[in-house]
Structure formats: C-alpha cells, structure tokens
1. Checking the structure you have, find out if any residue of the range 49-60 is of a type outside the set (A, V, I, L, M, F, W, C), in a helix (DSSP H, G or I) and out of contact with any Ser or Thr (no Cβ under 8 Å at 6 or more places or on another chain).
2. Can you report the number of residues in the range 22-50 which are over 14 Å from the mean Cα position of the chain (by Cα), of a type in the set (S, T, N, Q) and farther than 15 Å from residue 73 by Cβ?
3. Of the residues in the range 38-88, how many are of a type in the set (Val, Ile, Thr) and closer than 13 Å to residue 23 by Cβ?
4. Among the residues of the range 42-71, write down those that are open to solvent by 90 Å² or more (accessible area, probe 1.4 Å), modelled with pLDDT of 95 or more and more than 15 Å from residue 15 (Cα to Cα).
5. Can you find even one residue in the range 7-23 that is in a strand (DSSP E or B), open to solvent by 60 Å² or more (accessible area, probe 1.4 Å), at pLDDT below 95 and hydrophobic (A, V, I, L, M, F, W, C)?
Amino acid sequence: MDRPWRFRGEPLALEWVADGWHLRFVQPYRALKVYRCPGCDQEIFPRTLHLVVWPEGEPEQRRHWHKACWERRFAELRRAARRTPPAT
C-alpha cells in the first residue's frame, strides 16, 4: 500500500492528496504570518503548526486551517458524500 503523505513543493513540506483535496503541513518555524482559519474564524498565529488546504486543481482556493478544524470539516465532507447518491 502506498503511503498518502509525501514531501512535495518548494519549500519541501509534508503533503497529502485525498478525496480531491491537497493538504500541506506548515511547520511552526515556517509559519511567519497571521492567518484566519475558515473553520473557526479565529486567527492562526505565527509559529503555530497548521495546514494549508485546497481543492484538487484549484490552488488559488488555498486556505490555512487549524489541524483540528480541518479534520472536523473533512469528516463533514465525507459524511455528506456518503449520503449523496452518485449522479447517473
């Protein structure tokens, strides 16, 4: 089985692609600015481990998330996908 996490990008960062989403860990030493998490609408402060997330093929939609906020949102997206029947 192939591992989902790989080092990619410039600078190299741990990235995962799953269910149409790219996730990239931002290490605390690389987190230099303040961002606002779309999951909780709170600030992500410099030197805080967090994720950058964007839909497959849409890097301009990148958003910075707290890890826990993204995990909650991703679980919601997966539940919604299971409830929605596939289009025929």
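The values are calculated or read from the model by the stated rules, or taken from the named source; none is laboratory data. This one's a predicted model, so the numbers in the text were calculated from it and none came from an experiment. Because the Cβ atoms are built from the backbone with ideal geometry, glycine has one as well, and the counts that use them run over all protein chains shown. Ligands, DNA and RNA are excluded from the accessible area calculation, which covers all protein heavy atoms including side chains. Shrake-Rupley method; radii C 1.70, N 1.55, O 1.52, S 1.80 Å.
1. First pass over the range 49-60, keeping only residues of a type outside the set (A, V, I, L, M, F, W, C): 50, 55-60.
Among the residues that remain, those that are also in a helix (DSSP H, G or I) are: 59-60.
Then drop every residue that is not out of contact with any Ser or Thr (no Cβ under 8 Å at 6 or more places or on another chain), which leaves 59-60.
Yes: the range 49-60 contains one or more residues that are of a type outside the set (A, V, I, L, M, F, W, C), in a helix (DSSP H, G or I) and out of contact with any Ser or Thr (no Cβ under 8 Å at 6 or more places or on another chain).
2. Number satisfying all stated conditions: 1.
3. Going through the range 38-88, the residues of a type in the set (Val, Ile, Thr) turn out to be 44, 48, 52-53, 84, 88.
Now drop any that are not closer than 13 Å to residue 23 by Cβ, which leaves 52-53.
Total meeting the criteria: 2.
4. Narrowing the range 42-71 to residues open to solvent by 90 Å² or more (accessible area, probe 1.4 Å): 42, 45, 47, 56, 60, 62-63, 71.
From the residues that got through so far, the ones that are modelled with pLDDT of 95 or more too are 42, 45, 47, 63.
The answer is 42, 45, 47.
5. Just the residues of the range 7-23 that are in a strand (DSSP E or B), to begin with: 7-8, 13-18, 21-23.
Narrowing the set further to residues that are open to solvent by 60 Å² or more (accessible area, probe 1.4 Å) leaves 7-8, 21.
Narrowing further to those that are at pLDDT below 95: 7-8, 21.
The next check asks that each one be hydrophobic (A, V, I, L, M, F, W, C); those that pass are 7, 21.
Checked the range 7-23: at least one residue is in a strand (DSSP E or B), open to solvent by 60 Å² or more (accessible area, probe 1.4 Å), at pLDDT below 95 and hydrophobic (A, V, I, L, M, F, W, C).
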